[in-house]
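A quick write-up on the structure given underneath.
The values are calculated or read from the model by the stated rules, or taken from the named source; none is laboratory data. Here the structure is a predicted model, which means the values were calculated and not measured. Every residue, glycine as well, gets a Cβ built from its backbone with ideal geometry; the counts of neighbours run over all protein chains shown. Note: areas computed on protein heavy atoms with side chains; ligands, DNA, RNA excluded. Shrake-Rupley method; radii C 1.70, N 1.55, O 1.52, S 1.80 Å.
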Amino acid sequence: MVLKEIWTSLIMWFFYALIPCLLTGGVAILPAPQNLSVHSTNMKHLLMWSPVIMPGETVYYSVEYQGEYESLYTSHIWIPSSWCSLTEGPKCDVTDDITATVPYNLRVRATLGSQTSGWSTLTHPFNRNSTILTPPGMELTKDGFHLVIELEDLGPQFEFLVAYWRREPGAKEHVKTVSSGGIPLHLVTMEPGAAYCVKAQTFVKAIGRRSAFSQAECVEVEGEVLPLALALFAFVGFMLILVAVPLSIWKMGQLLRYSCCPVVVLPDTLKVTNSPQKLMSCRKEEVDACAMTAVLSSEGLFRTWI
């Protein structure tokens, strides 16, 4: 009796082991993917699962999802994922599928040739408000006395809060809202010889959450306002301007004066240096002197002739 029961059990075990091969023409049934989970950081959502191993074969996967409306009112409807229809790797980026802050059901199945596995469904629905938010990467640079910050570009849904202050006891902390990353932004004009510190955090309005602040980074400005050579050059330039500007104005005035009211210079032969009366008196004296000279000359000639 005992041997009969043992023999019956062996026959049943062999029969159940043989059924999958009989149903699939000698090929084992393709198992469904297992261990589904969602890894979400900074609003990037990645569905992952354990790969289905078929030696010497390439297994493909398909992903589908249900939003809150489908889950509540049309549970038989599943929507294919935008990027994961017959994908090779055991993961799927469902960021573009998760467009609202509501629970989403997700499922995946494997495909090998004409074989298709059953669906494996995520144990708990995923809501994007559970994403992990990290502080943004930031780069601080100095442009002269201007402090410039460039934040990591995390996408259009992200805003940033930037806090900055002068590193000294009792310094006031200032906060500035930055609408997007990837663009250099002037933060503050620094004073010579002072140090300034900056920290930042991300903020996502769609889920009403923000990250922790990043570690503070500090920069220091040199104490000298200008190098000596530059200061000397600036002083010399200022002095040249101080002399050149009045001289230019005076020269321009002279040119305008000559152009508008020119001065006519007469030759010396045409100049009248004495009054008319004095000139007439001089002319009369010259005539009398000339007459006397003529008389004297006549008498001399007469005496010589005699």
Any chance ILE77 is touching a Lys or Arg at 6+ places or on another chain (Cβ under 8 Å), open to solvent by less than 80 Å² (accessible area, probe 1.4 Å) and either in contact (Cβ under 8 Å) with a residue 60 or more places away in the chain or over 19 Å from GLN34 (Cα atoms) (or both): no
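Output the residue which, of all residues in region 80-109 that are closer than 18 Å to ASN42 by Cα and in a strand (DSSP E or B), is most open to solvent (accessible area, probe 1.4 Å).
Among those residues, the one meeting the criterion is LYS91.
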Just checking, does region 209-217 include any residue being open to solvent by 90 Å² or more (accessible area, probe 1.4 Å), polar (S, T, N, Q), modelled with pLDDT of 80 or more and in a loop (DSSP other than H, G, I, E, B)? yes
Restricting region 43-62 to residues that are within 37 Å of the chain's Cα centre (by Cα) and assigned to a strand (DSSP E or B), the one farthest from PRO136 (Cα to Cα) turns out to be MET48
I'm trying to understand the selection: among the residues of region 112-153, which are free of Cβ contacts under 8 Å to residues at least 60 places away in the same chain and either open to solvent by less than 20 Å² (accessible area, probe 1.4 Å) or hydroxyl-bearing (Ser, Thr, Tyr) (or both)? SER114, THR141, ILE149, LEU151
Filtering region 171-186 down to residues that are in contact with a Phe, Trp or Tyr (Cβ under 7 Å, 6 or more places away or on another chain) and either buried (at least 18 other Cβ atoms within 10 Å of the Cβ) or on the phi > 0 side of the Ramachandran plot (or both) yields VAL178, GLY181
Among the candidates GLU220, GLU168, which residue alone is over 30 Å from THR41 (Cα atoms), modelled with pLDDT under 95, of a type in the set (Asp, Glu) and surrounded by fewer than 11 Cβ atoms within 10 Å (Cβ to Cβ)? GLU168
